[in-house]
Amino acid sequence: MTPRILLTMGRNTAHLHHGAPTPNACVEQAYLDAVLRAGGAPLGLAAGVAGAALDAALDAVHGVLLTGGGDVCPDFYGATAHPAAGGHLAARDATEIALARAALARGVPLLGVCRGIQLLNVALGGTLVQDIPTEWPSALPHRDPDPAGEARHVIDITPDSLLARVIGATALEVNSYHHQAIRDLAPGLVITARARDGVVEAVERPGAPLLAVQFHPEEAPDDPACRALFGWLVETASCPQGSITSAQGTSLGSGIG
Ligand code: MN
């Protein structure tokens, strides 16, 4: 079977329709390509979907991918906006918070990327560093000041974590394109990777089909570790509920990528 994976979407306000700026639901192509490459069928979930429509969307899929995007509105974790924070879209936050909670409650496999790890933490009661350069000045560069550039750093991964098993390593050099990070960890989550400055780079929940990373695996399709994350999502989504362990074994045994 081909598992259907629900991808969360942002909103592009620069889109023009008959010459007038018109809100446009959007998701970066790289996420669609990553899911397709792993053997899944990507479906989009627009910002603002809620209630029975959100439940119906989740009924129709086997896995969830929380994609990257703008900063989560600090209202959702009881903070006031930092001047350097931006790209807030409360409708998207509300949709994704409800989606993440529902997916976890149902045991639907979930992968979070960049904003996705931050959103997941907020959805479960955690808080965020709103701007690493000003709030955590001793941290490594986690975003290149040149928009065309790419910061990179090493992460250390907890041995025997789901992340370590999926990628088959306990250290990895990753890309880095974020200025926010997890501050207070949500109850139930476990940190399974950090950069060497202490910035959280991965979380999971023991026993749950859940992985979230702060880097961008979709931007590194030639990196086997990055491909393995999408391979894990699609393979876990294709297995009946309750066979998480065997899904992991399959991921490693088949050498995803
Ligand atoms: Mn980073």
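One table, with the values for the structure above:
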quantity	calculated
Residues satisfying the stated conditions in the range 28-77, i.e. part of a loop (DSSP other than H, G, I, E, B), open to solvent by 40 Å² or more (accessible area, probe 1.4 Å) and over 22 Å from CYS114 (Cβ atoms)	ALA50, ALA60, HIS62
Output for the range 153-171, where each listed residue is touching a strand residue (DSSP E or B) at 6+ places or on another chain (Cβ under 6 Å) and either within 15 Å of the ligand (Cβ to nearest atom) or assigned to a helix (DSSP H, G or I) (or both)	HIS153, VAL154, ILE155, ASP156, ILE157, LEU162, LEU163, ALA164, ALA171
Flag for ARG205 being away from the ligand (no atom under 13 Å from the Cβ) and of a type in the set (D, E, K, R)	yes
Residues of the range 172-194 classified as within 16 Å of the ligand (Cβ to nearest atom) and of a type in the set (A, V, I, L, M, F, W, C), total	6
Residue satisfying condition, being among the charged types (D, E, K, R), open to solvent by 10 Å² or more (accessible area, probe 1.4 Å) and at pLDDT below 95, within set ASP156, ASP146	ASP146
Within the range 1-23, tally of residues that are in a strand (DSSP E or B), of a type in the set (S, T, N, Q) and at pLDDT below 95	1
Enumeration of residues in the range 97-112 that are assigned to a strand (DSSP E or B) and surrounded by fewer than 23 Cβ atoms within 10 Å (Cβ to Cβ)	none
Condition met for ALA57 (in contact (Cβ under 8 Å) with a residue 40 or more places away in the chain and within 16 Å of VAL27 (Cβ to Cβ))	yes
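The values are calculated or read from the model by the stated rules, or taken from the named source; none is laboratory data. Keep in mind the model is a prediction, meaning the values are calculated, not measured. A quick note on method: Cβ atoms are made from the backbone with ideal geometry, for glycine too, and the neighbour counts reach across all protein chains shown. These accessible areas exclude ligands, DNA and RNA; they are computed on the full protein's heavy atoms, side chains included. Shrake-Rupley method; radii C 1.70, N 1.55, O 1.52, S 1.80 Å.
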